[in-house]
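For reference, the structure discussed in these notes is given below.
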């Protein structure tokens, strides 16, 4: 009876591919802890745009955006305030770039407003919000113009982001109303120890100084972030010394510890910045105060292995069965005595 010999190279190739496929079937699905494409998170900020150009301005152009990850989608936005400008002279258009891949998706909004004179030294206040699908953050940059001609930067390009709370830490200083330099806590945040990693981001082309940072975790919704009693909240006292330098495109990171996660509540921010000392490329030595609201929409999800489904288990077992048969066949072929010619 004629024996059928299988090419060992082909068998080896098939077995290697089976091993790769088994590995792929058994691979885990990892969560980054900040992803929920079905959610809409409203992240808010209050910004003051001071005319430091030394001359009259009558147009303001700024961008509010989120560019930390290309998969972030900005689903909507609001702009309020702006006196002496009026809402009727404002144009808000979607923005797809700002450091994220130009994938045609919305990563922010460009705001153009005109029709009012803003003398040198005057300030315009805006309350803004972005509705994002994940990773709460809001950055702002802009410039002043006069009759369409650019006359100077409207503010340092910067913003904030806050991660969802992770278990751990020391619970902060909940008994101290001002926070004792660790961030204040109001109301009932729940039980257990959690920390909220908070970032102040430099979105400018040059460095700036972070003069002060105040944080408040609260179960109260404050419609006007700047009307919170910030005077009673102690500035963050980190191991670094304030003011601290944040380089161009750099960041400052602080772990805000709380008692309880403050799920479905808020982390509010007040941060003060100024141009880096001696840096003539920025506005002037005026300090800029900014406010933010991070809604605590969900806990940080520790990445876990995804359990295979029944159909996946079936494919894994079939692949293993074929692999065993292939190995046995390969072994038999190797042990088969070769006929001499």
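The values are calculated or read from the model by the stated rules, or taken from the named source; none is laboratory data. Just so it is clear, the structure is predicted and the values come from calculations on it, not from any experiment. All Cβ positions, glycine included, derive from the backbone under ideal geometry; neighbour counts span all protein chains shown.
Summary table
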| read-out | value |
| --- | --- |
| Selected residue (criterion: modelled with the lowest pLDDT) from residues of the range 196-209 that are under 19 Å from the mean Cα position of the chain (by Cα) and crowded, with 22+ Cβ neighbours inside 10 Å | 204 |
| Close pairs (6 angstrom Cβ cut-off, 6 or more residues apart or separate chains): free of Cβ contacts under 8 Å to residues at least 40 places away in the same chain in the range 131-158, in a strand (DSSP E or B) anywhere | 150/143 |
| Matching residues, the range 221-239, being in a loop (DSSP other than H, G, I, E, B), free of Cβ contacts under 8 Å to residues at least 24 places away in the same chain and more than 23 Å from the chain's Cα centre (by Cα) | 229, 239 |
| Options 262, 268: the member that is in contact with a strand residue (DSSP E or B) (Cβ under 9 Å, 6 or more places away or on another chain), modelled with pLDDT of 75 or more and in a loop (DSSP other than H, G, I, E, B) | 262 |
| Considering residues of the range 273-288 that are in a loop (DSSP other than H, G, I, E, B) and modelled with pLDDT of 50 or more only, the residue nearest to residue 207 (Cα to Cα) | 276 |
| So residue 57, is it modelled with pLDDT under 90 and either buried (at least 20 other Cβ atoms within 10 Å of the Cβ) or over 26 Å from residue 268 (Cβ atoms) (or both) | no |
| Number of positions in the range 200-216 that are assigned to a strand (DSSP E or B) and in contact (Cβ under 8 Å) with a residue 60 or more places away in the chain | 7 |
